Amino acid sequence: MNRARIIFWGLSLVFLLLVAGLFNLEVIRGRNLRGLGEKNCIRLVSQRGSRGRIVDRNGLLIAGNRISYDLILIPQEGIRQNDMIAKISRVLGKDAGLERGRLSFGTSMPVVIANNLKLREAVSLGQLKIDFPCINIQANPVRGYPEFKLACHLLGYLGEIDRWRLTKLEDYGYKTKDIVGFGGVEEKYDYYLRDEEGGVSFQVDHRGRPVRTLGFKPPVNGKDVQLTIDVRIQKIVEGALGDRKGAVIIMNPYNGEILALASSPGFNPNAFLAKDSSTVSRLFKDPAAPMINRAISGAYPAGSIFKLVVAAAALENRKITRHTSFLCQGQLKVGRQEFKCWSTHGTQDIVDALIHSCNVFFYRVGLLVGAQAIHDYALRLGLSHTTGFDLPYEKQGFIPSPLLKKISTFKNWFDGDTANLSIGQGDVLVTPLQITRMMAVFANKGYLVNPHVTKSINGKDMFRYHKKPEKVNLRPETINYINDGLRGVISDPGGTGNVLSTVGVAIAGKTGTAQAPPKSSHAWFSGFFPFKSPRFVICVFLEHGGPGYYSCLVAKRVIEEMLEQGLI
C-alpha cells in the first residue's frame with residue numbers, strides 16, 4: 001500500500017507539472033510564442049522606391065536615379081553553403097562580404113551580401129538560383145548625379161543617417177541605416193525627396209523554402225523638386241570660376257530666384273554613393289575646404305563694395321548731396337593714424353568716389369554719418385542677418401557698431417574704427433549672397449528680395465511660400481545717384497571695373513579689394529545688367545584672389561558667354 005501510494009503521488013506530481021507547463025506555454029507565454037512562430041515562418045524582402053528627382057527651371061535633370069542590383073540571401077536549410085559561396089566569389093572576383101554570407105545562415109531574415117552589382121554580375125549570379133534557391137537578385141533605384149560636380153553645393157549629397165539627425169527625425173518615420181540628405185537641397189527637402197519603403201512577405205516551410213506569398217506593399221517614390229537655377233548658366237558660371245577658390249551668384253533682382261550659384265572648390269556627390277571612404281575622408285580633410293558652400297556659408301570682409309552702404313546712409317541722412325566733394329591727396333589722418341587711399345584722386349563727389357573707389361572720400365563721409373548710422377543702414381540693406389535663403393547653413397555675417405563693441409569687448413569705439421568701417425574693413429563680415437541681395441536693391445530701385453532656389457515640389461509652385469520683397473525706403477534720388485556711380489565704374493575710362501566696358505551689354509557694378517592679412521586680398525565684383533532694364537544681378541568673389549580687377553575678369557567671361565548663348 002505504501003509503495004502504491006508513493007507511485008500515485010509521484011504520477012500526480014508529474015501530471016501537475018505537465019499541466020503547469022502546458023498552462024505556461026499556452027496561456028502565459030502563448031501569445032509571445034505564437035508571434036515568434038509566425039516570424040519564424042514569415043520572411044520579409046524590402047523594396048525601395050525611387051528618390052525624388054531634382055531638375056532645373058527648364059526640367060533638365062540634375063539629380064536622378066539609376067538601377068542598382070543587390071545580392072540577397074534568404075537563409076534555407078540543406079544548402080551547400082561552401083559550394084555556393086565559392087561560386088559567388090568566382091562571379092564577383094572577390095571575397096568581400098562573403099563572410100557575411102556564411103553568417104547570414106545564423107539568422108532567419110534575408111541579408112544583403114553585395115550591392116551595386118554590374119548587370120553582367122547580376123545575370124551570372126541570377127543563374128545560380130537554379131542550384132541555390134536562397135539566392136535572390138533585387139533591382140533597386142540608386143541616386144545618381146549625371147552632371148557630377150555641377151551645382152554640388154546646391155544639391156548636397158546622401159549618406160547614412162547619423163545619431164543627431166535620427167534623434168530629431170525619428171518621429172517622422174526615420175530609422176537607423178536610412179539614407180538621408182546632407183547639405184543643400186538633398187537635406188533641406190529630404191522629407192519630400194525620400195521614398196517610402198515597400199516589400200513582399202511570404203511564408204516558408206520548416207527548411208526556409210518559400211511556400212506562398214502573403215502580401216505585397218508597393219514602394220512609393222519621392223516627390224520631384226524643381227529648382228530656379230538654369231543649368232546652362234550654371235555651367236557657364238562654374239567654367240568661368242574654374243579651380244579658383246570663391247563663389248559666383250546670378251540672381252533675378254525682382255523676385256530673388258537664383259539662376260546660378262557656384263562655390264569652388266567643389267566635390268562629386270557620386271563619391272558618397274560609391275561609399276569610397278578614402279575619397280570621402282580626403283574631401284573633409286582637404287585644407288581647401290571643398291565641402292563649404294562659400295556663397296552662403298563663407299563670411300568675409302566686404303572691402304569697397306560696402307561703400308554702397310555708406311553712400312546710402314550719407315545721402316538719406318542728408319549729410320552730403322550729389323555735389324558734395326572732398327579732396328583726396330592719397331591719405332587722411334584720423335586721430336594719430338594715417339589712413340591711405342589706393343591712389344591720389346583729387347576732388348571727388350559721390351559719383352566720382354564710387355567710380356574711382358576713393359577711400360579718402362568715404363573716410364570723410366563715414367565720419368560725418370557716424371558708425372551707428374552706417375550699421376543701421378547695413379542692416380536695412382540686408383547685412384548682418386541671414387537672407388532667408390531656403391538652404392541650410394547660411395551664415396549671418398557681422399557688422400560692428402559702437403554699442404556692439406562695448407558689449408562684446410568692453411572697449412571704446414574710436415574714429416579710426418569708423419574709418420575702417422567706412423571702407424568695409426575692420427570686423428565687417430558678409431557673405432556673397434548678402435552682397436548679391438544688397439546689389440539687387442539698386443537694380444530693382446529699392447526692394448530687398450528673398451533669395452531662393454526652390455521653384456516647385458511635385459509640380460506645386462512654391463512662390464507663395466517665399467517672402468515677398470520688402471521696400472527699403474530709400475529716396476529715388478539716392479538710388480539714382482548711386483546707380484550713376486555704379487554705371488560709371490564700368491563706362492568711365494578711369495572706373496575700377498572698366499575692363500567690363502567692352503562687353504556687349506551695359507553693366508553697372510562695384511569692385512572691391514578686401515584686405516585679409518597675412519594672405520593676399522579677397523577680390524569682389526557685384527553688379528547688374530542690362531543697366532536700363534536689369535534682368536540679372538551678379539556677384540563674383542575670389543578668396544585671396546587679389547585686386548577686384550580679377551573678379552571683373554571672371555564676370556566678363558560669364559556675361560560674354562551668356563550673350564553668345566542667347567541667354568541675355
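Per this entry, Gly424 is counted among residues that are on the phi > 0 side of the Ramachandran plot and either in the same structural domain as Lys467 (by TED's automatic domain parsing) or part of a helix (DSSP H, G or I) (or both).
When you scan region 292-304, how many residues do you find that are part of a helix (DSSP H, G or I), of a type in the set (S, T, N, Q) and under 15 Å from Leu154 (Cβ atoms)?
Just the residues of region 292-304 that are part of a helix (DSSP H, G or I), to begin with: 294-297, 303-304.
Then keep just the ones that are of a type in the set (S, T, N, Q); that gives 297, 304.
With under 15 Å from Leu154 (Cβ atoms) added as a condition, the list becomes 297.
Of the residues in that region, 1 qualify.
Filtered by the rule that a residue be among the acidic types (Asp, Glu) and either at pLDDT below 65 or outside the structural domain of Ile113 (by TED's automatic domain parsing) (or both), region 9-68 gives Glu26, Glu38. It is to be established whether one or more residues within region 159-173 are touching a strand residue (DSSP E or B) at 6+ places or on another chain (Cβ under 7 Å), within 17 Å of Asp195 (Cα to Cα) and acidic (Asp, Glu). Looking for residues that are touching a strand residue (DSSP E or B) at 6+ places or on another chain (Cβ under 7 Å), within 17 Å of Asp195 (Cα to Cα) and acidic (Asp, Glu), one finds at least one in region 159-173, hence yes. Within region 471-492, does at least one residue satisfy the condition of being in the same structural domain as Phe442 (by TED's automatic domain parsing) and within 23 Å of Ser297 (Cβ to Cβ)? No, region 471-492 contains no residue that is in the same structural domain as Phe442 (by TED's automatic domain parsing) and within 23 Å of Ser297 (Cβ to Cβ).
Out of region 146-171, which residues are in contact with a Gly (Cβ under 6 Å, 6 or more places away or on another chain) and of a type in the set (D, E, K, R)? The one that is in contact with a Gly (Cβ under 6 Å, 6 or more places away or on another chain) and of a type in the set (D, E, K, R): Lys149.
Within region 256-291, work out how many residues are part of a loop (DSSP other than H, G, I, E, B) and touching a helix residue (DSSP H, G or I) at 6+ places or on another chain (Cβ under 8 Å).
Within region 256-291, the first condition is being part of a loop (DSSP other than H, G, I, E, B), and the residues that meet it are 256, 265-269, 274-276, 286-291.
Subset that is touching a helix residue (DSSP H, G or I) at 6+ places or on another chain (Cβ under 8 Å): 256, 266-269, 290-291.
Adding up the residues that qualify gives 7.
Being within 20 Å of Ala86 (Cα to Cα), surrounded by 17 or more Cβ atoms within 10 Å (Cβ to Cβ) and touching a Ser or Thr at 6+ places or on another chain (Cβ under 8 Å) is the filter here; which residues of region 112-165 pass it? Answer for region 112-165, where residues must be within 20 Å of Ala86 (Cα to Cα), surrounded by 17 or more Cβ atoms within 10 Å (Cβ to Cβ) and touching a Ser or Thr at 6+ places or on another chain (Cβ under 8 Å): Ile113, Leu117. Assess whether Pro518 counts as being buried (at least 18 other Cβ atoms within 10 Å of the Cβ) and part of a loop (DSSP other than H, G, I, E, B). Considered against the rule, which asks whether it is buried (at least 18 other Cβ atoms within 10 Å of the Cβ) and part of a loop (DSSP other than H, G, I, E, B), Pro518 comes out as no. Determine whether region 192-214 contains at least one residue that is under 25 Å from Ile67 (Cα atoms), surrounded by fewer than 19 Cβ atoms within 10 Å (Cβ to Cβ) and either modelled with pLDDT of 90 or more or in the same structural domain as Ser277 (by TED's automatic domain parsing) (or both). For region 192-214, residues under 25 Å from Ile67 (Cα atoms), surrounded by fewer than 19 Cβ atoms within 10 Å (Cβ to Cβ) and either modelled with pLDDT of 90 or more or in the same structural domain as Ser277 (by TED's automatic domain parsing) (or both): present.
The condition of being in contact with a helix residue (DSSP H, G or I) (Cβ under 7 Å, 6 or more places away or on another chain) and modelled with pLDDT under 75 holds for only one of Val142, Val111, that being Val111. Please tell me if Lys395 is modelled with pLDDT of 95 or more and part of a loop (DSSP other than H, G, I, E, B). Here the answer is yes, as Lys395 does meet what is asked.
For region 280-321, how many residues meet the condition of being of a type in the set (S, T, N, Q) and buried (at least 20 other Cβ atoms within 10 Å of the Cβ)? Steps first, please.
To start, the set of residues in region 280-321 that are of a type in the set (S, T, N, Q) comprises 281, 293, 297, 304, 317, 321.
Filter once more, so that each one left must be buried (at least 20 other Cβ atoms within 10 Å of the Cβ): 293, 297, 304.
Qualifying residue count, region 280-321: 3.
Residue check: Val428 meets all listed conditions (1) surrounded by 17 or more Cβ atoms within 10 Å (Cβ to Cβ); (2) modelled with pLDDT under 95; (3) of a type outside the set (Phe, Trp, Tyr) but one, namely (2). Only one of the listed residues (Leu379, Leu404) is among the aliphatic types (A, V, I, L, M), more than 21 Å from Ala523 (Cβ to Cβ) and at pLDDT 95 or above. That residue is Leu379.
For region 173-191, does any single residue satisfy the condition of being of a type in the set (Val, Ile, Thr), part of a helix (DSSP H, G or I) and surrounded by fewer than 19 Cβ atoms within 10 Å (Cβ to Cβ)? Explain how you work it out, then say what you get.
Our first condition is that a residue be of a type in the set (Val, Ile, Thr); within region 173-191, this holds for 176, 179-180, 185.
Next, from what is left, pick out any that are part of a helix (DSSP H, G or I): 185.
If we keep only those that are surrounded by fewer than 19 Cβ atoms within 10 Å (Cβ to Cβ) as well, we get none.
So far as region 173-191 goes, no, none of its residues is of a type in the set (Val, Ile, Thr), part of a helix (DSSP H, G or I) and surrounded by fewer than 19 Cβ atoms within 10 Å (Cβ to Cβ).
Note on region 273-288: residues that are within 20 Å of Lys118 (Cβ to Cβ) and within 18 Å of the chain's Cα centre (by Cα) amount to 1. Filtering Ser526, Ser456, Ser501, Ser551 for residues that are in the same structural domain as Ser357 (by TED's automatic domain parsing), among the hydroxyl-bearing types (Ser, Thr, Tyr), touching a residue at least 12 places away in the same chain (Cβ under 8 Å) and surrounded by fewer than 24 Cβ atoms within 10 Å (Cβ to Cβ) leaves a single hit, Ser456. Scanning region 452-479 for residues that are in a helix (DSSP H, G or I) and touching a Lys or Arg at 6+ places or on another chain (Cβ under 9 Å), we see that the one that is farthest from Asp195 (Cα to Cα) is Glu477.
Yes/no per residue for (1) without any contact (Cβ under 8 Å) to a residue 60 or more places away in the chain; (2) within 20 Å of Asn444 (Cβ to Cβ); (3) crowded, with 24+ Cβ neighbours inside 10 Å; (4) hydrophobic (A, V, I, L, M, F, W, C):
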{"site": "Asp224", "(1), (2), (3), (4)": "no, no, no, no"}
{"site": "Arg232", "(1), (2), (3), (4)": "no, no, no, no"}
{"site": "Asp243", "(1), (2), (3), (4)": "yes, no, no, no"}
{"site": "Gly246", "(1), (2), (3), (4)": "no, no, yes, no"}
{"site": "Ile258", "(1), (2), (3), (4)": "no, yes, yes, yes"}
{"site": "Ser263", "(1), (2), (3), (4)": "no, no, yes, no"}
{"site": "Asn268", "(1), (2), (3), (4)": "no, no, no, no"}
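The residue of region 290-341 that is modelled with the lowest pLDDT, among those that are over 30 Å from Phe267 (Cβ atoms) and among the polar types (S, T, N, Q), is Gln337.
The residue that is modelled with the lowest pLDDT, counting only those in region 69-84 that are over 26 Å from Lys217 (Cβ atoms) and not polar (S, T, N, Q), is Glu77.
The values are calculated or read from the model by the stated rules, or taken from the named source; none is laboratory data. Just so you know, these numbers come straight off a predicted model, no measurement behind them. Don't worry about glycine lacking a Cβ; one is built from the backbone with ideal geometry, like all the others, and counts go over all protein chains shown.
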